[in-house]
Amino acid sequence: MTPAPTAPPRIDLAALRRLKSEGRKSAWLTAYDYPTAALAEAAGVHGLLVGDSLATVLLGHPTTRTAPLDLMISLAEAVRRGAPHVFLVGDMPYEAVRGRGVDGAVRAARRFLEVAGCDAVKFEAAPGDEPLVGALTNAGIDTIAHLGLRPQEILSADGYRAQARDPSAVTALVGHARSMVNAGAAMLLLEAVPNEASSAVVAAVDVPVIGCGAGPACDGHILVTQDMLGLGAPRPPRFVPVMADLRRTIAGAMQRYVEDIVAGRYPGPQHVYHMRASAGEAPPS
Ligand code: KIV
């Protein structure tokens, strides 16, 4: 008898550490919904982030600051249903990190784990946020410190700029990375820094370092899925490899749908239900 196929193991922090120690890279994407999560898991993605980028990508807000915590928890639940085996990270929105104190942030992080089934949380860590990393870690919550470009600090769409582009800024970034890891960060995420900066960080810490526009030295790479699929900003950042042109595909399909209705081609005979044949009964007129 052929043995029943066994479910793939869930990717956990130990698996991500193992990949790093073997010099193998992990592939990450953002996801905010069930079908995207299921496609990403089937494609072999190791990690998914329910990013606060949903504020701009899904909700049309000008910045990520307004990402709503309750909505993010609900969407993280949907992502977990679609991708039960990936390493799932909930992104702590601005409202959860700033203005509720450390206890409020820990409570919000717990919701990502206990309600949505996330494996870890990420937050944009400013210098001085070590106590928050420590409190999350002490609460048993694996935490990813997001360094480099921190979009929650940027209040206009044209304010996005690469960071750590000179030696003193690289030194500061490495110090910041070390202090976050010393405070308990289980992983780091570096956004929009040169490869020289990410190489220096990777050499300075022993936790996995995921890059978003941070060059090949990182242990894994993440992109906003909509950018990668050609559904994001018309001119995505230079580090985004646009792998599909879904904007054009979707726009074309919608246009044909409208044209078919207007021209009377839809619904065609194949789209209509038929009455059940029953003896002697006339259909309602
Ligand atoms: O919110 C997000 O999508 C992110 C990625 C850009 C890393 O933080």
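The values are calculated or read from the model by the stated rules, or taken from the named source; none is laboratory data. Treat the numbers as computed from the prediction; the structure is a model and nothing was measured. Using ideal geometry, Cβ is built from the backbone for each residue, glycine included, and neighbour counts are taken over all protein chains shown.
Laid out as a table, the results:
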{"item": "Entirely in region 149-266, the helices (runs of 4 or more DSSP H) that have 1 or more residues that are among the polar types (S, T, N, Q) and surrounded by 21 or more Cβ atoms within 10 Å (Cβ to Cβ)", "result": "195-204, 225-228"}
{"item": "When residues of region 111-130 are limited to those that are in contact with a Gly (Cβ under 9 Å, 6 or more places away or on another chain) and surrounded by fewer than 20 Cβ atoms within 10 Å (Cβ to Cβ), the one nearest to His46 (Cα to Cα)", "result": "Leu113"}
{"item": "Enumeration of residues in region 59-82 that are touching a helix residue (DSSP H, G or I) at 6+ places or on another chain (Cβ under 8 Å), away from the ligand (no atom under 16 Å from the Cβ) and either part of a loop (DSSP other than H, G, I, E, B) or charged (D, E, K, R) (or both)", "result": "Arg80, Arg81"}
{"item": "Residues located in region 7-43, provided they are more than 19 Å from the chain's Cα centre (by Cα) and modelled with pLDDT under 95", "result": "Ala7, Pro8, Pro9"}
{"item": "Check on Val272, hydrophobic (A, V, I, L, M, F, W, C) and either under 28 Å from Thr171 (Cβ atoms) or surrounded by fewer than 18 Cβ atoms within 10 Å (Cβ to Cβ) (or both)", "result": "yes"}
{"item": "Region 18-58, residues that are more than 14 Å from the ligand (Cβ to nearest atom), closer than 18 Å to Leu189 by Cα and out of contact with any Ser or Thr (no Cβ under 9 Å at 6 or more places or on another chain)", "result": "Arg18, Ser21, Gly23, Arg24, Lys25"}
{"item": "In region 1-38, the residues that are touching a Pro at 6+ places or on another chain (Cβ under 9 Å), small (Gly, Ala, Ser) and in a loop (DSSP other than H, G, I, E, B)", "result": "Ala7"}
{"item": "All positions within region 119-147 that are more than 16 Å from the ligand (Cβ to nearest atom) and without any contact (Cβ under 8 Å) to a residue 40 or more places away in the chain", "result": "Gly128, Leu132, Ala135, Ala139, Gly140, Ile141"}
